[in-house]
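The values are calculated or read from the model by the stated rules, or taken from the named source; none is laboratory data. Keep in mind that what you see is a predicted model, and the values were worked out from it rather than measured. As a convention, Cβ positions derive from the backbone with ideal geometry for all residues, glycine included, and neighbour counts pool all protein chains shown. Please note that ligands, DNA and RNA were not included when accessible areas were found on the heavy atoms of the full protein model with its side chains. Shrake-Rupley method; radii C 1.70, N 1.55, O 1.52, S 1.80 Å.
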Amino acid sequence: SLTAAINRNSTDYYQDPSSGGVSKFTYEYAGLGGTEHFAKVVGSHRHFWPLFWDTVISLHGQIGYVYKTTDESIPIDEKFFLGGLRSIRGFDTREVGPKEPDLNDAGEITGYTFIGGEKSAFFNLEYLIPLSKSLGLKGVIFFDAGNAWLDEEDYFQEMRYSAGGGIRWFSPLGPLRFEWGYNLDPKESERRTVFEFSIGTAF
């Protein structure tokens, strides 16, 4: 595949911003060679506003669309699966979006298989609170919303919501995230709460 990207960063400090924003737009085209044929568009923006007592409000939004360029089906690993620390917290990773029921011989639902969506959109609102500047320790309170949809479905027709909090530490090993999410409207087979941990980029 061939990917074109445009990025713009106007934040005051890349590793730990308190003002400004980061915009990203990517377009990927697969089909110049190989066996897979599709095109994918993803756009996102995250903005930071400083508040009193060195606290910060952050708002992030991302929208994506993947579509066929031939009669061949879109590879399942190129579809959108939301849920988890990088999209909608409070849900298990890759378990937000279109799914099909698994049936036993009696026709009873025994579980679900997630099939991914051709469309996706999600939003993250965060309130960052400094706990210890010398240690690089911060608290976060967040609200997330979003979903993934099939191509024939409309954007935003059914949204999933979560809220929660956590701790972020700029440790000597890199940024660490400990975050607990609460599913505000759990469906059957979904957990009410999900705790996650990661090491890597701060946002």
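Averaged per residue, the range 2-121 has 56 square angstrom of accessible surface, using a 1.4 angstrom probe with ligands and nucleic acids left out.
The label point for Leu125 and the one for Asp54, both projected 7 Å from the Cα toward the Cβ, are 2.6 nm apart.
Residues in the range 113-140, backbone N under 17 Å from the label point at Ser189 (7 Å along the Cα-to-beta-carbon vector): list them, ranges by number please. Backbone N within reach: 113-117. Cα convex hull, the chain: 149 Å³ per residue, rounded to a whole number. Cross-linked pairs Lys79/Lys133; Lys24/Lys138; Lys24/Lys133; Lys40/Lys138; Lys68/Lys138: Cα-Cα separations exceed 32 Å for Lys79/Lys133; Lys40/Lys138; Lys68/Lys138. Remark: spin-label model distance Ser19-Glu100 equals 5.3 nm, labels positioned 7 Å along the Cα→Cβ axis. Heavy-atom accessible surface of Ile129, to the nearest 10 Å², is about 50 Å², with a 1.4 Å probe and all protein chains retained. Each Lys and Arg Cβ is given +1 and each Asp and Glu Cβ -1; about its Cα centre, the range 33-101 then shows a dipole of about 260 debye. The distance separating the Cα centre of the range 40-101 from that of the range 147-176 comes to 7 Å.
Once the chain from Met159 to Ser198 is taken as fully extended at 0.36 nm per residue, the excess over their C-alpha distance is 11.5 nm.
3J(HN,Hα) along the range 7-23, derived from phi through the Karplus expression 6.51 cos²θ - 1.76 cosθ + 1.60 where θ = phi - 60°, amounts to 10, 9, 10, 10, 6, 7, 7, 4, 6, 8, x, 10, 7, x, x, 10, 10 Hz, with x in place of Gly and Pro. Take the Cβ atoms of Glu152 and Ser10, set R0 to 22 Å, and the FRET efficiency comes out at 0.05.
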